[in-house]
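These notes concern the structure reproduced below.
The values are calculated or read from the model by the stated rules, or taken from the named source; none is laboratory data. Given the structure is predicted, the values throughout are model-derived calculations rather than measurements. Here the Cβ positions follow ideal geometry from the backbone for every residue, glycine too, while neighbour counts run over all protein chains shown. Surface accessibility is based on the protein's heavy atoms, side chains included, excluding ligands, DNA and RNA. Shrake-Rupley method; radii C 1.70, N 1.55, O 1.52, S 1.80 Å.
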Amino acid sequence: MYATVRQFSTSVLRQALIRPPIDVYGVGGRYATALFSAASKQKKLEQVEKEMGTLSALIKDPKLSSIVMNPHVKRSLKLKFFGDAMTKANLSPITVNLVSVLADNGRLTLTADVVGAFAKMMSAHRGEVICTVTTAHPLDEANLAELKVALNGFLAKGETLILETKSDASILGGMIVSIGDKYVDMSTKTKIHKLTKIIRDS
């Protein structure tokens, strides 16, 4: 177990982790993995998922954020303010324990990363496959419907596509597709860069 998640759920440390359906890398991902395991063992995944939404709202509160995210404020003071807010929100011991460990390890600034990583794990737990498609211009309904049909071909039985579309004029044309752990860059911008490199190297 990584040192950064020491103390988080004694039972998790003593027993083998219950691995989430997907790996989310980075420090936030490691905390989220320990959280997923603890919540799974206590059969409280859905409850903790809801509480992550509450936690996300708390850290966005200007007054609380100005204290919790300030590197010059003592950890004990940060935890006191955060603790008071969590008590008012009636959060479970699992979530309170997570925040306590983040505070002890000086990682409260990574709270949003942990929340995001846990959301990805829960999405995969439900069989949802998140796909992000970036195009230079918004897709019309016909192209969007055609794209969904093509993307559904990547899914395994029982999986559900969660499609998010974005527009970014800087890619010039084509599209960039991120689905599950796959990433395909078919943008005009990237094609031009590759062509330019070929010309320069020739």
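Just name one of P138, L155, N105: the one whose Cα is farthest towards the positive end of the charge dipole of the stretch 13-155 (beta-carbon charges, Lys/Arg +1, Asp/Glu -1).
N105
When the Kirkwood radius is taken over all Cα pairs of the stretch 27-123, what Stokes-Einstein diffusion coefficient follows at 10 °C and 1.306 mPa s, in µm²/s?
The Stokes-Einstein estimate is 120 µm²/s.
Please give me the summed charge of the neighbours of T54: other residues whose Cβ is under 12 Å from its Cβ, Lys and Arg +1, Asp and Glu -1.
Local charge sum for T54: 0.
Between K191 and S92, what length in nm is gained on full extension when 0.36 nm per residue of separation is reduced by their alpha carbon distance?
Between K191 and S92, full extension yields 30.6 nm more.
Could you please state how large a percent of the accessible area of the stretch 27-123 is carbon and sulfur, counting protein chains only and using a 1.4 Å probe?
Exposed carbon and sulfur together represent 55 percent of the surface.
Assuming 0.36 nm per residue, please report the length gained on full extension of the stretch Y183 to S167 beyond their Cα-Cα distance.
Here the segment from Y183 to S167 would lengthen by 4.1 nm.
Given contacts defined as C-alpha pairs under 8 Å and at least six residues apart, what's the relative contact order of the stretch 27-123, whole-number percent?
RCO, the stretch 27-123: 46 percent.
Roll a 1.4 Å probe over the protein chains and send me the accessible area per residue for the chain in Å².
So the chain comes to 60 Å² accessible per residue, rounded to a whole number.
Tally the DSSP beta bridges in the chain and give the antiparallel ones as a percent, rounded to 5.
Here the share of antiparallel DSSP bridges comes out near 55 percent.
Under a point-charge model restricted to the Cβ atoms of Lys and Arg (+1) and Asp and Glu (-1), what is the dipole moment magnitude of the stretch 127-201 relative to its Cα centre, in debye to the nearest 20?
Dipole about the Cα centre, nearest 20: 420 debye.
Tell me the net charge near M86. Cut-off is 13 Å between Cβ atoms, M86 excluded, with +1 for each Lys or Arg and -1 for each Asp or Glu.
Cβ neighbours under 13 Å give a net charge of 0.
Ranking request for peptides 179-192, 125-138: highest mean number of other beta-carbon atoms within 10 Å first, then the rest in descending order.
The densest-packed peptide leads the list: 125-138, 179-192.
Which of the three applies to the stretch 127-201, rounded, prolate or oblate, going by the alpha-carbon gyration tensor with a ≥ b ≥ c and a/c under 1.5 meaning rounded?
It is prolate, given that a/c is not under 1.5 and a/b is the larger ratio.
Over the C-alpha atoms of the chain, what are the Rg and the largest Cα-to-Cα span, Dmax, in Å?
20.8, 66
Contact order normalised by length for the chain, with contacts defined as Cα pairs under 8 Å and 6 or more residues apart; what percent is it?
19 percent.
Given charges of +1 on the Cβ of Lys and Arg and -1 on the Cβ of Asp and Glu, with all other atoms neutral, how large is the dipole of the chain about its Cα centre, in debye to the nearest 20?
820 debye
About the Cα centre of the stretch 27-123, what is the dipole size in debye to 20, counting +1 per Lys and Arg Cβ and -1 per Asp and Glu Cβ, all else neutral?
That gives the stretch 27-123 a dipole magnitude of about 140 debye.
Among V48, M175, T87, pick out the residue whose Cα is farthest towards the positive end of the charge dipole of the stretch 36-179, where Lys and Arg carry +1 and Asp and Glu carry -1 on C-beta, about the Cα centre.
T87
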